[in-house]
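Q: Sharing a structure, written as structure tokens. Questions coming.
The values are calculated or read from the model by the stated rules, or taken from the named source; none is laboratory data. Predicted, not measured: the structure shown is a model, and the values here were computed from it. Glycine also receives a Cβ, built like all others from the backbone with ideal geometry; neighbour counts cover every protein chain displayed.
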Amino acid sequence: MSAHEFHSALVPPQGIWWKPAHRQEKTWIAIAFAWCLVLFAMMPLWHFRGGQNPAGIRYRVKPDDYVARVERFVADYKVGEESGIPIVAPPPGADVYLLGRMWQWYPALKLEKGVHYTLHLSSQDVNHGFSLYPVNLNFQVVPGYDYGLRVVPNRSGDFRIICNEFCGIGHHLMVGKVLVLDSPATAGGRP
């Protein structure tokens, strides 16, 4: 075959096209492979020991059923309203329901520092990204699934929930609120 002829990859190249790897090249391949194994082992280890990816409760739910749960939750624990969004203050240890829908997080939450809650997240319409700012807590919120996370707020303050998954034209307006207050026991008041 001449140098000017074209051929497919099915025809092997002529001449010596492969030589055994040099000792230095073998060393770097071994180092890269060992590093890949270390990173692979770190994924499950970091999940359980790192505290960054909390494991939660997940189950399927019809979006309309989840919306009904959220509405019951709001009716039971509503303490106020801000810009048309209800503010809800559940009792310690309660199940807390938060709904993502175009283009809002519903309702706003008022929680106590140092108290255990189970935070339930779901979406009514499309995928949303739950990002609690400035805390490094990120979750994908998918319609048809209820994600229950056991949380204990460890500092008081005014936190914002930002949608970090593009969900439509009003995505930039999708900001929710979590207000964490010192509990009476930690604030020096009566329990």
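Q: Could you tell me whether the stretch 43-58 includes any residue that is surrounded by 16 or more Cβ atoms within 10 Å (Cβ to Cβ) and either under 19 Å from the mean Cα position of the chain (by Cα) or modelled with pLDDT of 95 or more (or both)?
A: Yes, the conditions are met somewhere in the stretch 43-58.
Q: Only residues in the stretch 58-81 that are more than 22 Å from PHE139 (Cα to Cα) count as the first member; pair them with residues that are small (Gly, Ala, Ser), Cβ under 7 angstrom, at least 6 apart or cross-chain, and list the lot.
A: TYR77/ALA89; VAL79/ALA89
Q: Which of the numbered conditions does TRP105 fail, given that it passes all the others? Conditions: (1) among the aromatic types (Phe, Trp, Tyr); (2) surrounded by 19 or more Cβ atoms within 10 Å (Cβ to Cβ); (3) more than 24 Å from ALA68 (Cα to Cα).
A: So TRP105 meets the others, but not (3).
Q: Being modelled with pLDDT of 90 or more and either touching a helix residue (DSSP H, G or I) at 6+ places or on another chain (Cβ under 8 Å) or surrounded by fewer than 13 Cβ atoms within 10 Å (Cβ to Cβ) (or both) narrows it down to one residue among VAL74, VAL67, VAL79; which is it?
A: VAL79
Q: Now for a separate question. Do the conditions hold for LEU111, that is, is it more than 20 Å from LYS62 (Cβ to Cβ) and part of a strand (DSSP E or B)?
A: The answer is yes for LEU111.
Q: Give just the number: which of (1) in contact with a Gly (Cβ under 8 Å, 6 or more places away or on another chain); (2) small (Gly, Ala, Ser); (3) in a loop (DSSP other than H, G, I, E, B) does GLY168 not satisfy?
A: Answer for GLY168: the failing condition is (1).
Q: Pairs only if they're at least six apart or on different chains, beta carbon under 9 angstrom, first in the stretch 159-185 and surrounded by fewer than 19 Cβ atoms within 10 Å (Cβ to Cβ), second assigned to a helix (DSSP H, G or I) and among the β-branched types (Val, Ile, Thr); list them, first residue then second.
A: As it stands, the answer is none, since no pair meets every condition given.
Q: Hey, another quick one. Looking only at residues that are outside any strand (DSSP E or B) and crowded, with 16+ Cβ neighbours inside 10 Å in the stretch 115-125, which one is farthest from the chain's Cα centre (by Cα)? Please lay out each step first, then the result.
A: Here is the first cut: in the stretch 115-125, the ones outside any strand (DSSP E or B) are 115-116, 124-125.
Narrowing further to those that are crowded, with 16+ Cβ neighbours inside 10 Å: 115, 124.
Numbers: VAL115: 21, GLN124: 17 Å.
Among them, the one singled out is VAL115.
Q: Say we look at the stretch 70-90 and pick out the residues that are among the acidic types (Asp, Glu) and part of a helix (DSSP H, G or I); which of these is farthest from TRP103 (Cα to Cα)?
A: ASP76
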